[in-house]
Protein chains: 2
Amino acid sequence: MTDLLDHLRTAVGADQVLTDDADTGAYVVDWTGVHAGRALAVVRPGSTDEVAAVVTACHEAGVAIVPQGGNTGLVGGGVPDGSGDQVVVSLGRMRRVRDVDPVAGTITVDAGVVLADVQAAASDAGRLFPMSLGSEGSCTIGGNLATNAGGTAVLRYGMTRELVLGLEVVLPDGRVWDGLRALRKDNTGYDLTQLFVGSEGTLGVITGAVLRLFPATPRHATAWVAVPSVDAAVSLLGTAQQHAGAHLATFEIANRQALDLVLAHLPGASDPLAEPSEWYVLVELAGASSDGGLDDALEAILGSAVDEGLATDAAIAGSPAQRSALWALREGISEAQKVEGATLKHDVTLPIADLAAWATSIGATLDRILPGVRPVTYGHVGDGNLHYNLSAPVGLDDDLRAAAADLTTAIYDSVAAGHGSISAEHGLGRTKAVAGASYKSGVEVDLMRALKAALDPAGLMNPGVLLP
Amino acid sequence: MTDLLDHLRTAVGADQVLTDDADTGAYVVDWTGVHAGRALAVVRPGSTDEVAAVVTACHEAGVAIVPQGGNTGLVGGGVPDGSGDQVVVSLGRMRRVRDVDPVAGTITVDAGVVLADVQAAASDAGRLFPMSLGSEGSCTIGGNLATNAGGTAVLRYGMTRELVLGLEVVLPDGRVWDGLRALRKDNTGYDLTQLFVGSEGTLGVITGAVLRLFPATPRHATAWVAVPSVDAAVSLLGTAQQHAGAHLATFEIANRQALDLVLAHLPGASDPLAEPSEWYVLVELAGASSDGGLDDALEAILGSAVDEGLATDAAIAGSPAQRSALWALREGISEAQKVEGATLKHDVTLPIADLAAWATSIGATLDRILPGVRPVTYGHVGDGNLHYNLSAPVGLDDDLRAAAADLTTAIYDSVAAGHGSISAEHGLGRTKAVAGASYKSGVEVDLMRALKAALDPAGLMNPGVLLP
């Protein structure tokens, strides 16, 4: 392996090849702390050509590659296994915004640009890049593309997949595919871009992308709404869509357990409503500066919701600071739950009409497996997507760990029976690769394996991720 | 081959295996008349299981398959070659709407359902299936999916690819992949659905699909607008987007040559404006029944367009009948040009900002190659997509045929130089398979060939289409 390390140092410079444990530590453990691996080296290329040289060297040496963005994934898809034989390729130094074209509505970026910086570059040009996640300050657009990230803007703008026009990818043999097209329409062959989006680094290393921009939406009307049930939240969604149409930008749910954790662990957080409620919805309408009716539309939605028993109370943001405070309640849940202790994460979709019945039924099932287990439930109810995360009964973190496999199996089985998905937006990574395959038909797994073998015959791209 | 024909008759019934030229004639010649092939047999299965049996039989016999929907394609992708060795699998008998779920916003259909019937089923449920094409009365949804069809609603709702949630596909070896998921979010592996969409029957036979439905838009405000240039049309698009936002549903361009052919050949067509103009735009705003401001928004757009010199005159539809008459001018162009005589079709995209300069420049180039050649130009200017079709100088159809290769090469070269696409929405088919590959990088062609070999190793699915 000395030869390979020499080749890597030649490719990117000796300073950018990290091998000491002290230097590689931040790259080999994932955000959840569940996956702690080791790496032969962590390599930090600064350009597409350097990525290509690194991949070529690894390919020739028969050494596996783990592409990594901001290392904010939740399923261990961006960290190496425990063998110490894999090379982590971190894209974090590739942070260039290559081009912004507000008239065409496109932005071209390096893969390592942090999502918040993509948003800022769009905003500076008077446009909107709508993708928004809790980790947007540290996740990179390359990671978002590799995992087909979701977030809070999917309801209106779609998943990452729907926001990309073209890609630049270093293939497993080191060749570069330049698919950086900025066209909305191009029917000249298989959609290679969509094949790489969501492939979790198993088919190549995404190094650049052309993304879609949208008209800016500087006006907002935002409310934190107490709702009696998931059913009521789903009905309220219908009401909101009817009144606000395309202006409805956010429709996020959280249960009381989630809010309690945020109030306990997030400095400065306070409950915007006087009485506690079992469920809450964060509703936001967004529009152009010429859209004057957002506040009226929000009030109409909330008025009709109270009349129909779909809501019991609501706090409307009266200033940008109040809006930020409401968003912080939603965005702080994941971090607050981490502070609280052991967490068992799930990220499921069900048909929206079945969501309420599913949540009720699974809660009872899980309580039989581990009495007192606390479902910290939140997510994107408008997409049928719940982050159904479990915290241990107070003080019983070890019991949660011991029961984890049974709890997860119960959730996955019920989701599969309900024609849902066991990973709505986080991907499969290492955590769910086996489960993902086990809930698919043999034909579908065969198709996925055929594609993997066709593009990565040596099996060196992120092995063990996505496919078991 | 007698054995194969016996197997096919067993699979679908003897009545549904056509071998006489009199019976197969309508299936072996494409709409343009350019591609006239022969078939070993035309088979008309009535169910997914029957399609699977047909594909299995052909696979075992080593006989190539040409899947066919409504046979309305414009690039010869759905008709057999001249060998007489291929089996056409027509999906036209699979016309069942399997399910409509207006709450979830989904419709599940057989591949052979005619597009207009999908639209009608959505409408009956109070929803909108937005895809709209000139051939919607005879094209099938399976063909739309196989070619990633575009049409007049792409500006607001996207290509076919953006309207599909899941597919059912009979694979080249006869196995059935059931990917009929109705979920907006499902990150559990490679996006197989998007791989089959736009693959033009070269990776399998699409037999069913789950499609997205949208809120109905029963209110319309429609105008036929005279504009001085393509540049003015592009600027008018910006004005329309600013005033109408998400209500802007249609923004179609046509030149005077196109209108002249419609007026000459479409019974009952009349020019809605007193003075001729070099270019026209069909603008339509669409909204829910509660959207009251569409007429005002359209008038604001047209008022400001006239003030800024972007439009010289406009006819606003005052009734559904007048709306239909304006749409007929746009939808009738393709048919009218066919009546006029020999046509050389092109379907190009360019970056919108470059469209006007490109149209001016290419017009001059073509006139040097064939003096008097008539560009009948129309299409989806909001998507940067022009149908840049050529009619012969009057009476000189043979000259057009003789110059066809030179004219097409000039167009493709200029499109490639301008970072555009030589097929925006029609696909590559037989007509453009060679050209499609020649304007791509070797890496990209290699990737496409690797995918084809992985899914169809025997090369029996629609050979000669999409890839040369």
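The values are calculated or read from the model by the stated rules, or taken from the named source; none is laboratory data. All values reported here derive from a predicted model rather than from experimental measurement. For neighbour counting, all protein chains shown are included, and Cβ atoms are generated from backbone atoms with ideal geometry for every residue, glycine included. Accessible surface is based on the protein model in full, side chains and every heavy atom, while ligands, DNA and RNA are left aside. Shrake-Rupley method; radii C 1.70, N 1.55, O 1.52, S 1.80 Å.
Set Lys and Arg Cβ to +1 and Asp and Glu Cβ to -1, take the dipole of the range B:240-372 about its Cα centre, and tell me which of B:A305, B:G341, B:L263 lies farthest positive.
With unit charges placed on the Cβ atoms, the residue in question is B:G341.
Using modelled backbone amide H atoms (1.01 Å from N, in-plane), which distant-in-sequence or interchain residues come within less than 5 Å of A:D99's amide H?
Amide H neighbours of A:D99, under 5 Å, 5+ apart: A:T108.
Placing +1 at every Lys and Arg Cβ and -1 at every Asp and Glu Cβ, with all other atoms neutral, what dipole size does the protein assembly as shown have around its Cα centre, in debye to the nearest 20?
Working: 58 positive and 110 negative charges, 122 e Å.
Taking the Cα centre of the protein assembly as shown as origin, the dipole is about 580 debye.
For the range B:461-466, in order, what is each residue's ³J(HN,Hα) by Karplus, 6.51 cos²θ - 1.76 cosθ + 1.60 with θ = phi - 60°, in whole Hz (x at glycine and Pro)?
These are the phi-based 3J(HN,Hα) values: 8, 6, x, x, 9, 6 Hz.
Can you work out the Karplus-derived ³J(HN,Hα) for every residue in the range B:99-112? Use 6.51 cos²θ - 1.76 cosθ + 1.60 with θ = phi - 60°, whole Hz, and x for glycine or proline.
Those phi angles translate into 6, 10, 10, x, 5, 6, x, 9, 9, 10, 9, 5, 5, x Hz.
Keeping all protein chains in position, work out how much accessible area B:L18 exposes to a 1.4 Å probe, and write it in Å² to the nearest 10.
Ignoring ligands and nucleic acids, B:L18 comes out at about 30 Å².
Just to verify a number: what accessible area does A:H7 come out at with the full protein assembly present, 1.4 Å probe, Å² rounded to tens?
For A:H7, solvent-accessible area is about 100 Å².
³J(HN,Hα) across the range B:392-404 via Karplus (A = 6.51, B = -1.76, C = 1.60, θ = phi - 60°), whole Hz, x for Gly/Pro?
Per residue, the Karplus-derived 3J(HN,Hα) values read 5, x, 3, x, 10, 4, 5, 5, 4, 4, 5, 8, 3 Hz.
In debye, nearest 20, what is the charge dipole magnitude of the range A:219-334 about its Cα centre with +1 on Lys and Arg Cβ and -1 on Asp and Glu Cβ, if you could check?
Working: 4 positive and 15 negative charges, 69 e Å.
It works out to roughly 340 debye.
Return the tail of the calculated pair distribution for chain B, meaning the percent of Cα-Cα pairs more than 30 Å apart. Walk me through the numbers on the way to the answer.
Working: 51538 of 109278 pairs.
That tail contains 47 percent of the Cα-Cα pairs.
Compute the longest continuous run of chain B that contains no exposed GluC sites (Glu not before Pro); treat a site as exposed when its DSSP state is not H, G, I, E or B and it has at most 16 other Cβ atoms within 10 Å. It would help to have the intermediate numbers written out before the result.
Working: sites that count: B:E278, B:E308.
With GluC sites (Glu not before Pro) excluded where exposed in loops, chain B gives B:1-277 as its longest stretch.
Any chance you could check the Cα centroid distance between the range B:1-65 and the range A:289-334 for me, in angstrom?
59
Taking the label point as lying 7 angstrom from Cα along the Cα-to-Cβ axis, what are the distances from A:T19 to the corresponding position in the remaining copies, in ascending order and in nanometres?
7.1
By how many degrees, 0 to 90 and rounded to 10, does the Cα axis of helix A:48-61 deviate from the longest principal axis of chain A?
Rounded to the nearest ten degrees, it is 60.
Once the label point is set 7 Å along the Cα-to-beta-carbon vector, what list of distances in nm do you get between B:A404 and its counterparts in the other copies?
6.5
For the A and B pair, go ahead and give the buried accessible area with a 1.4 Å probe, both sides summed, in Å² to 100. Walk me through the numbers before you get to the answer.
Numbers: alone 19300 and 19280 Å², together 33580 Å².
Protein heavy atoms only, the A-B interface buries about 5000 Å².
Once both axes come from the Cα atoms, what is the angle between helix A:2-12 and the longest principal axis of chain A, in degrees from 0 to 90, rounded to 10?
Between helix and principal axis, roughly 60 degrees.
Please determine, in degrees from 0 to 90 and to the nearest 10, the orientation of helix B:320-331 with respect to the longest principal axis defined by the Cα atoms of chain B, where the helix direction is its Cα long axis.
Value to nearest ten degrees: 70.
If amide hydrogens are placed 1.01 Å from N in the peptide plane, which non-local residues have theirs closer than 5 Å to the one on A:S199?
The list, which skips near neighbours in sequence, is empty: none.
Show the residues, 5+ positions off or on another chain, whose built amide H is closer than 5 Å to the amide H of A:A149.
Amide H neighbours of A:A149, under 5 Å, 5+ apart: A:T160.
Please give the per residue accessible area of the range A:97-215, computed with a probe of 1.4 Å over protein heavy atoms only, in Å².
Values: 3040 Å² over 119 residues.
Per residue, the range A:97-215 has 26 Å² of solvent-accessible surface.
Evaluate Rg over Rh across the range B:187-249, taking Cα atoms for both radii and Kirkwood's formula for Rh. Before the final figure, lay out each step's value.
Values: Rg = 19.1 Å, Rh = 16.3 Å.
Expressed as Rg/Rh, it is 1.17.
At 7 angstrom along the Cα-to-beta-carbon line, where would the label on B:D260 sit relative to the other copies? Give the distances in nm, shortest first.
So the distances to the same position in the other copies read 7.8 nm.
For the charge dipole of the range B:2-90, defined by +1 on Lys and Arg C-beta atoms and -1 on Asp and Glu C-beta atoms about the Cα centroid, which residue among B:V28, B:A53, B:S83 has the Cα displaced farthest towards the positive pole?
It is B:V28.
Using a 1.4 angstrom probe on heavy atoms only, work out the carbon and sulfur share of the accessible area of chain A in %. Display every interim value, and only then the final one.
On the way: 8500 of 16800 Å².
The computed percentage sits at 51.
Quick check for me: using +1 on Lys/Arg Cβ and -1 on Asp/Glu Cβ, what's the dipole size of the range B:341-417 about its Cα centre, in debye to the nearest 20? Mind showing how you got there, number by number?
Numbers: 4 positive and 9 negative charges, 18 e Å.
It works out to roughly 80 debye.
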